[in-house]
Amino acid sequence: MISEKMKGFVANSSAIRAMFEEGKKLAAKYGADHVYDFSLGNPNVPAPPEVKEAILDIVENEDPVLVHGYMNNSGYEDVRSTLAEHLNSRYGTDYSASNIVMTVGAAGGLNVILKTILNPGDEVIVIAPYFGEYRSYAGNFDGVIVAVNSDPETFWPDPEAVAAAITEKTKALIINTPNNPTGVVYPESVIRSIGKVLEEGSRKYGTEILMISDEPYRDIVFDGAEVPWIPDFYGNTVVGSSYSKTLSLPGERIGYLVIPSSVSDFENVISAANTATRILGYVNAPSLMQRVAARCLDAKADVEFYDRNRKLLYGALTEYGFSCVKPEGAFYLWVKSPEEDERAFAARAKDTEQILVVPGRSFGCAGWVRMAYCVSTETIENALPGFLRLAESYGLRG
């Protein structure tokens with residue numbers, strides 16, 4: 001009954017979600033307090049108080065027909081204007097409501113822009129390791145993912161490798177910084193180099209290559225790290241973001257696209273994005289949450305909580321002998337598997353210690369695992385003895 005395309009999507013269903021479901025089974029067997037689930041990036045901190053205050057005030061005092069009704073497919077104009085002004089104050093830009101499309105989370109936004117630009121067979125370059133759902137998002141529209149390995153020491157994009165991957169079919173490159181799964185923040189120098197590579201590729205093939213900056217973790221950074229505003233360095237850039245992480249609202253599915261006027265064929269792109277929002281079935285982003293987000297642009301979830309968890313988990317695992325990339329942003333720890341096949345390590349962690357991690361090949365990078373430390377601090381503390389036993393079983397200590 002199901003389509004051939006869906007058969008492929010089902011067969012390659014997200015390993016992250018699979019581990020999350022496995023965690024629920026283990027919790028039923030051993031008790032939730034004895035299962036240590038580092039699989040899913042589900043924030044464990046509550047939304048800031050401004051969110052509740054905004055919801056109550058909107059529901060009590062704004063016109064319910066307006067609050068819960070349809071609007072332009074791009075979203076409420078006043079919300080988009082407020083967001084544009086906020087971005088202008090942060091980045092010195094000159095956006096208006098016409099540059100903003102409110103979306104059903106960052107994932108919805110990526111699907112909107114890919115629907116807007118992709119023809120069957122068009123190629124989308126991604127930097128490995130990368131968020132595995134990009135494969136499905138491009139595949140939705142018969143696009144082809146082309147994975148390019150990052151620098152093995154820094155996990156930054158390699159401009160020369162990106163240049164080598166560009167063909168006459170290249171339509172876009174997705175950049176994700178702070179990065180899921182590594183937690184790395186790409187420096188401005190690398191972004192500049194990537195922009196030059198895309199400009200050269202566009203000239204070489206007489207095409208227009210869009211950079212898509214996927215930024216749900218932009219405001220979760222540590223140790224003074226700064227995330228470049230990518231349209232400053234490559235005009236043909238669309239930014240996708242969400243409030244899932246910065247406001248701890250993953251289930252509310254509220255985000256946005258920034259489509260600068262510098263994007264090639266801007267008028268047609270913004271018109272097509274509006275149409276894509278409708279025909280993909282979203283119609284518009286959740287109405288109440290649009291209005292809530294507009295009132296909470298300066299609010300933030302508790303980044304210090306994530307920082308404490310980061311230091312605790314990274315410090316303990318490196319002490320135990322694991323090789324880890326120290327995260328500069330997001331809330332993931334990228335850990336080198338102590339055996340060649342990281343799936344075997346993930347299986348041992350699950351079967352012997354009830355510790356759930358995600359194999360790196362789900363992100364296009366075998367030999368590593370991802371751990372989401374957006375969990376309770378108690379979960380990390382209680383998992384540490386199990387991590388120590390795993391380290392000792394692999395001879396990592398002493």
Check: Just to be sure, is R218 out of contact with any helix residue (DSSP H, G or I) (no Cβ under 8 Å at 6 or more places or on another chain) and more than 23 Å from P181 (Cβ to Cβ)?
Finding: no
Note to self: Suppose we filter the range 247-273 for residues that are within 27 Å of G195 (Cβ to Cβ) and either in a helix (DSSP H, G or I) or touching a Pro at 6+ places or on another chain (Cβ under 6 Å) (or both); how many remain?
What the structure shows: 9
Note to self: For the range 353-371, check the following and say yes or no: at least one residue is under 13 Å from Y36 (Cα atoms) and in a helix (DSSP H, G or I).
What the structure shows: yes
Checklist line | Complete set of residues in the range 185-225 that are under 20 Å from the mean Cα position of the chain (by Cα), over 15 Å from V148 (Cβ atoms) and among the aromatic types (F, W, Y) | finding: Y217, F222
Check: Which one is surrounded by the fewest Cβ atoms within 10 Å (Cβ to Cβ), of the residues in the range 167-182 that are in contact with a helix residue (DSSP H, G or I) (Cβ under 6 Å, 6 or more places away or on another chain) and farther than 19 Å from F233 by Cα?
Finding: E168
Margin query: Where the second residue is polar (S, T, N, Q) and in a loop (DSSP other than H, G, I, E, B) and the first is within 19 Å of V358 (Cβ to Cβ) and assigned by TED's automatic domain parsing to the domain that holds I212 and lies in the range 132-161, which pairs have Cβ atoms under 6 Å and are six or more apart or on separate chains?
Written below: F155/T182
Notebook entry, point to check: Which residues, counting only those in the range 115-129, are without any contact (Cβ under 8 Å) to a residue 60 or more places away in the chain and not β-branched (V, I, T)?
Noted result: L118, N119, P120, G121, D122, E123
Notebook entry, point to check: Can you tell me which of V148, V126 is at pLDDT 95 or above, out of contact with any Gly (no Cβ under 9 Å at 6 or more places or on another chain) and under 30 Å from K326 (Cα atoms)?
Noted result: V148
Next item on the list: For the range 306-326, state whether one or more residues are surrounded by fewer than 17 Cβ atoms within 10 Å (Cβ to Cβ), polar (S, T, N, Q) and assigned to a loop (DSSP other than H, G, I, E, B).
Entry: yes
Margin query: Give me the residue from the range 342-397 that is aromatic (F, W, Y) and closer than 19 Å to Y130 by Cβ and, out of that set, nearest to the chain's Cα centre (by Cα).
Written below: F363
Next item on the list: Filter the range 306-338 for residues that are touching a residue at least 24 places away in the same chain (Cβ under 8 Å) and either among the hydroxyl-bearing types (S, T, Y) or not assigned by TED's automatic domain parsing to the domain that holds N42 (or both) and give the result.
Entry: Y306, Y320, Y332, S337
Checklist line | Those helices (runs of 4 or more DSSP H) lying entirely in the range 78-170 with at least 3 residues touching a Ser or Thr at 6+ places or on another chain (Cβ under 6 Å) | finding: 105-117
Item checked: Top-ranked residue in the range 183-233 [being under 17 Å from A164 (Cβ atoms) and among the small types (G, A, S); ranked as surrounded by the fewest Cβ atoms within 10 Å (Cβ to Cβ)] -> S202
Notebook entry, point to check: Which residue pairs have Cβ atoms under 7 Å apart, sit 6 or more places apart or on different chains, and have a first residue in the range 369-388 that is without any contact (Cβ under 8 Å) to a residue 40 or more places away in the chain and a second that is in a loop (DSSP other than H, G, I, E, B)?
Noted result: V369/S337; V369/V357
Next item on the list: Would you point out the residue of the range 268-289, among those that are more than 30 Å from E208 (Cβ to Cβ) and within 21 Å of the chain's Cα centre (by Cα), that is surrounded by the fewest Cβ atoms within 10 Å (Cβ to Cβ)?
Entry: P286
Item checked: Filter result (more than 28 Å from the chain's Cα centre (by Cα) and either of a type in the set (A, V, I, L, M) or crowded, with 17+ Cβ neighbours inside 10 Å (or both)) within the range 52-66 -> L56, I58, V59, V65, L66
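The values are calculated or read from the model by the stated rules, or taken from the named source; none is laboratory data. Worth saying up front: this structure is predicted, and the values here are computed from it rather than measured. Cβ sites come from the backbone with ideal geometry, for glycine too, and all protein chains shown count toward neighbours.
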